[in-house]
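See below for the structure under consideration.
Values in this text are rule-based calculations from the coordinates and carry no lab data. Computed from a predicted model, the values in this text were never measured in an experiment. Cβ coordinates were reconstructed from backbone atoms using ideal geometry, including for glycine residues, and neighbour counts include every protein chain displayed.
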Amino acid sequence: MPNKPKPPPKGWLWSADAADYLGVHVVTLYRWRSEGVGPKGKRHGLRRYAYKVSDLDAWLNGETADDKPARAAA
């Protein structure tokens, strides 16, 4: 029986779920993170990133301290 991944902390979404929440592909979210744009995420362990739902909402509403605007998904 394969190990089921742990759920994210309460009020957080893993990268794939955060991308769905934002309406973009998960690769777009990865690219934004590598370019330093997009919503703020936090590393959990070696490979996983989680995004706070309130940070995603703030980013969607333009309420972010990020000076660089996010580019449209390609």
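Any idea which residue in the stretch 1-48 is nearest to residue 61 (Cα to Cα), counting only those that are small (Gly, Ala, Ser) and surrounded by 10 or more Cβ atoms within 10 Å (Cβ to Cβ)? My answer is 38. Within the stretch 48-56, is even one residue touching a Pro at 6+ places or on another chain (Cβ under 8 Å), assigned to a helix (DSSP H, G or I) and under 22 Å from residue 10 (Cβ atoms)? Yes, the stretch 48-56 contains at least one residue that is touching a Pro at 6+ places or on another chain (Cβ under 8 Å), assigned to a helix (DSSP H, G or I) and under 22 Å from residue 10 (Cβ atoms).
Among the residues of the stretch 26-40, those identified as in contact (Cβ under 8 Å) with a residue 12 or more places away in the chain, in contact with a helix residue (DSSP H, G or I) (Cβ under 6 Å, 6 or more places away or on another chain) and not basic (Lys, Arg) are 29, 38, 39.
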